[in-house]
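No value in this document is a laboratory result; all are computed from the given coordinates. This one's a predicted model, so the numbers in the text were calculated from it and none came from an experiment. Heads up, the Cβs are rebuilt from the backbone with ideal geometry, glycines too, and the neighbour counts pull from every protein chain shown.
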Amino acid sequence: MTIGKKLQNLRLKSKKTLKEISEIFNITINTVYRWEHELTIPRKPILEKMAKYYQVPFEWLLPNGSHDESNECDGCTLNFESNTKQQLLNMYKRLSDYNKYKVLGYIERLCVEEMDENKNKSAE
């Protein structure tokens, strides 16, 4: 079962509306809708909060109900001079769902750091 379906089932079992969940987690109704309809996925911190709220293990919310890291990626050797965007995307697709979350978190941190650096440069 996907993350979106699990979140939707938990919300319905708790008899909460999209609006109520959006207020509880301080997010928009549209965000909850997009998660439940698999248009986007929640970030790890919000998933952890939701797991605590619904009293389910965080790992259960992940696809296949686990965070198994044994799903290794064959041929995932990065060479930024020769890898095309398509090759990088193919490598990403071969990762386990848990490792995809880790990659997305890392990219998000890098983007925040870069935005901070750009703000500091423009302030000088």
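Structure summary
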read-out	value
18 Å reach of a label modelled at F58, 7 Å along Cα-to-Cβ, counting backbone N of region 80-124	96-109
Overall form of region 1-50 per C-alpha gyration tensor (a/c, 1.5; a/b vs b/c)	rounded
Cross-link reach list, lysines versus K16, counting only Cα pairs under 22 Å and skipping chain neighbours closer than eight places	K5, K6, K44, K49, K52
